[in-house]
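All remarks here apply to the structure that follows.
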Amino acid sequence: MTLSFPEGDPVPVEDHPIPARDLRDYEQFIYREARYADEHDYDAWEALWTDDALYWVPVAVSHQSPRTKVSVMYDNRNRIRTRLTQLRTGKRYAQAPASNLRRVVSNIEIEGTVESESGHVDTVLGANFILFESKEGRNEIWGGRVTYQVRDVHGELKLVRKTVNLANQAEALPNMGFLI
């Protein structure tokens, strides 16, 4: 089995990993990450990321690299910080006022382990989600599959990579300013 992360090259994933943690630990981490995003707790959400983080929302599942195809979002750690700084100012007009968000995350699976460029052995997780967005009388429902690469850093789980593949990616996408 291989995974493609934003670097573009497929990464081998162990088919039968022995995770360092129980699935429930990973589920709680993913649920907490979703809650922080939904509740606009930008400080707590930002604290979940490693320094070598990448956050990618490709335009299509078939896109294997943001270097050769357009992306909805492709942020490294500095860009994540900048995006959150903009949201904290209240001057990101696409989100003034902020959307009301609630997501349901399900079907969380440990997909394998991968060795990162820094030599860490990270756990790769997959999950489905449904996101309800309400803003100024307009409601949207988003759904898709998320791939997470998480790392144990001094006993705490941290987010290394997050790739969001939207189920409705073939449609014209309205403003998705709520994305952090």
Under 5 Å, built H, 5+ apart or other chain: amide partners of Arg161: Leu54, Gln149
Val59 long-range amide H proximity, modeled H, under 5 Å: Val72
Under the Karplus curve 6.51 cos²θ - 1.76 cosθ + 1.60, θ = phi - 60°, whole-Hz ³J(HN,Hα) for region 129-143, x wherever Gly or Pro sits: 8, 10, 10, 9, 10, 10, 8, 6, x, 10, 10, 10, 10, 10, x
Contour excess over end-to-end distance, with Cα ends at His154 and Asp52 and 0.36 nm allotted per residue: 35.1 nm
Other-chain or far-sequence residues with amide H under 5 Å of Glu111's (modelled H): Val124, Leu125, Gly126
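Coordinate-derived values only; no laboratory data. Please read these numbers as outputs of a predicted model, since none were measured by experiment.
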